[in-house]
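The values are calculated or read from the model by the stated rules, or taken from the named source; none is laboratory data. Not measured: the values here are computed from a predicted model. Don't worry about glycine lacking a Cβ; one is built from the backbone with ideal geometry, like all the others, and counts go over all protein chains shown. Just the protein is used for accessible areas: all its heavy atoms, side chains included, with ligands, DNA and RNA removed. Shrake-Rupley method; radii C 1.70, N 1.55, O 1.52, S 1.80 Å.
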Amino acid sequence: MLVRTRLLIAPLVAAPLMAAGLLTGAAPASAASGQVVKDTVAITVAPDGTLQVKETVIYEGAAPARTLIRRKHLDDRQDRRYDVGDVKGGTLTNQGDRAVLRVSGGGGAGRRTAQLSYTVKGTMTTLRTGEQLNWVAAGGWHVPAAQTRVTVDSSAVVQNLNCFAGDLSSTIGCTQFFTNHTHTQAEFRQEDLQPGEYVTVMVGYPLGTAKGSPIIEQRHTVTTAFTVNGLTGGTLLGLLVLLLGGVGLLYVTRGRDARIVNKKAAEGDHAPLDSAGFAPPDGVRPGQIGTLIDEQADVVDVTATIIDLAVRGYILIEELPRETYGRIDWQLRRLRRAPDDLLPYERILYDALFNGRDVVALSELGGTFADQLAAVRSALYEDVVRQGWFARRPDSERTRWTSIGMILAGLGVIGTIVLAVYTNLALIGLAVIIAGAALAVGGQYMPAKTTRGATVLAHTLGFRAHLFRGDVPDAPAGHRVALFSHYLPYAVVFDVVQSWAHTVADVGAGNSGPSDNLYWYEGPAEWDLSNFAESIRSFTLATSGAISASRQFRSLS
């Protein structure tokens, strides 16, 4: 019985199938020579839903090839896949969403006949009222096809059928489609298919006809690459636990320091005096204080150490006449005091400043002191470990964790790209990036003080509070200049040098003496101690600039 209408299937089947995403097939760039005279495709529906296909191709010219559909887009995230296999009589080459089936055999004058056989899985769909076969059964030839005939046999009665010819989105019906007298075979015929045009057949069956089901797979896109699933979700959760654990560890470590500081800071909040004279808390020297407070050996710590060496009688700082040299400059003069009580970092600095000479202008150090400065800072880090304030060098601790974090983040970037291209597990790579970045940032906070270091820090901060208040302790008149001069290097570290320089100048001006100079700082002619505060401020700035290409000053809150 001939059926030339789509009313049996269009409302029930055709519209949903069109909405499911039939793709438009592109015609080949150029048609090969020859033609398919007749293409007969015999399909048998197996009980498991697999299509058993036998195809007879009569052709002229070169052995033809046709493009089969391997995958159709259903929506933005899903594809429907068709598996073609067990090919005989030809060769099948997969090309992305398509596969090229090339007839085996030669070409030439006259007509030739080729026999193909293959299987197709994934063509059956279970609907609410039955099951449906939906397959691009014929066409897709790279040459014109004059006659195309498709038959579909099964053990079940055909309930409805339809057929479309043209491109994959075509709604134009085939030349003919009908069932046989037993309604168990559907037949479809099409005349004059152009290269790249297809015949799509759809046959409806009762429920239970076949057990086949569509093969649905997630399309791999940038969006699906970052899908949250059990594995990626578990990885992100584990990362969160690790980050919270790291924050908790830092909180406990830093919290311990804070508790010790709150408890013991008052012990250092007093004038740094003992029976022998000046005595800073725990014997801490200016360079050590700066490294202890912020766990970094800064240029200002080295500058404070130079002033401390002068105050302690190792160096004389001489301010040179500005009119003679065109700009303000200083020279450092080595004094004949044996450097017996210098700490290793102080000895390295002392030797580096003079380098076999007795006098050096501060301006001569500019641009030549970088290597020596690095050695002094390294010795400072070694010193705070030797004092028992840190278990490991703070700079090495920071570098190690930061380097690990940067390497981990870099591996995470590479891993994210690879996982995004080939899998849906890119969130794992993203988690590694986050973990690496967290380590790189958190590495700056990794240096942890020992309990002894936290206690010394508490005393040091108490001493800082004393300096900030500007309390001037009582001292014998002959010792006041030396006492308050010893305060000055610590004031440089704590950024209160200006106020304490005024204090030193006032005390020096009140002493009777032959000159207006201090025992460790001498000004040019017609210079007096009223100029000292401005002079020492300029000296600290000039020294930091001379020994380092960059000026690093700390602002303590």
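Please find, within the stretch 543-557, the residue that is surrounded by the fewest Cβ atoms within 10 Å (Cβ to Cβ) out of those that are under 24 Å from Glu364 (Cβ atoms) and either among the hydroxyl-bearing types (Ser, Thr, Tyr) or at pLDDT 90 or above (or both). If we take residues in the stretch 543-557 being under 24 Å from Glu364 (Cβ atoms) and either among the hydroxyl-bearing types (Ser, Thr, Tyr) or at pLDDT 90 or above (or both), then Ser550 is surrounded by the fewest Cβ atoms within 10 Å (Cβ to Cβ). Picking from residues in the stretch 122-153 that are under 21 Å from Gln190 (Cβ atoms) and charged (D, E, K, R), the one that is least open to solvent (accessible area, probe 1.4 Å) is Asp153. Scanning the stretch 77-94 for residues that are out of contact with any helix residue (DSSP H, G or I) (no Cβ under 8 Å at 6 or more places or on another chain) and outside any strand (DSSP E or B), we see that the one that is most open to solvent (accessible area, probe 1.4 Å) is Gly89.
Return yes or no: is Thr179 closer than 27 Å to Thr129 by Cβ, polar (S, T, N, Q) and surrounded by 16 or more Cβ atoms within 10 Å (Cβ to Cβ)?
Values: closer than 27 Å to Thr129 by Cβ: yes; polar (S, T, N, Q): yes; surrounded by 16 or more Cβ atoms within 10 Å (Cβ to Cβ): yes.
Against the criterion (closer than 27 Å to Thr129 by Cβ, polar (S, T, N, Q) and surrounded by 16 or more Cβ atoms within 10 Å (Cβ to Cβ)), Thr179 qualifies.
Is it true that some residue in the stretch 324-333 is open to solvent by 30 Å² or more (accessible area, probe 1.4 Å) and among the acidic types (Asp, Glu)? No, every residue in the stretch 324-333 fails to be open to solvent by 30 Å² or more (accessible area, probe 1.4 Å) and among the acidic types (Asp, Glu). Mind counting the residues in the stretch 264-319 that are out of contact with any helix residue (DSSP H, G or I) (no Cβ under 9 Å at 6 or more places or on another chain) and at pLDDT 90 or above? So the count comes out to 2. Do we have Val432 as part of a helix (DSSP H, G or I) and surrounded by fewer than 19 Cβ atoms within 10 Å (Cβ to Cβ) here? The answer is no for Val432. Please work out which one of (1) surrounded by fewer than 18 Cβ atoms within 10 Å (Cβ to Cβ); (2) within 38 Å of the chain's Cα centre (by Cα) is the condition Gly443 fails and give its number. Failed condition: (1).
Of the residues making up the stretch 105-121, those that are of a type in the set (Ser, Thr, Tyr) and either open to solvent by 90 Å² or more (accessible area, probe 1.4 Å) or closer than 15 Å to Val36 by Cβ (or both) number 1.
Tell me which residues, restricted to the stretch 58-76, are in a strand (DSSP E or B), open to solvent by less than 30 Å² (accessible area, probe 1.4 Å) and over 27 Å from Thr221 (Cβ atoms).
To start, the set of residues in the stretch 58-76 that are in a strand (DSSP E or B) comprises 58-60, 65-69, 71-73.
Imposing the further condition that a residue be open to solvent by less than 30 Å² (accessible area, probe 1.4 Å) reduces the set to 59, 65-69, 72.
Residues satisfying the conditions are Tyr59, Ala65, Arg66.
Which of the residues that make up the stretch 387-401 are among the β-branched types (Val, Ile, Thr) and buried (at least 19 other Cβ atoms within 10 Å of the Cβ)?
The first filter runs over the stretch 387-401 and keeps only residues among the β-branched types (Val, Ile, Thr), leaving 399.
Once the filter is applied, which keeps residues that are among the β-branched types (Val, Ile, Thr) and buried (at least 19 other Cβ atoms within 10 Å of the Cβ), the stretch 387-401 yields nothing.
Every residue, every condition in (1) closer than 19 Å to Gln331 by Cβ; (2) touching a residue at least 24 places away in the same chain (Cβ under 8 Å); (3) among the polar types (S, T, N, Q), yes or no:
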| residue | (1), (2), (3) |
| --- | --- |
| Gly356 | yes, no, no |
| Val360 | yes, yes, no |
| Ser363 | yes, yes, yes |
| Ala370 | no, yes, no |
| Tyr381 | no, yes, no |
| Val384 | no, yes, no |
| Gly388 | no, yes, no |
| Ser396 | no, no, yes |
| Arg400 | no, yes, no |
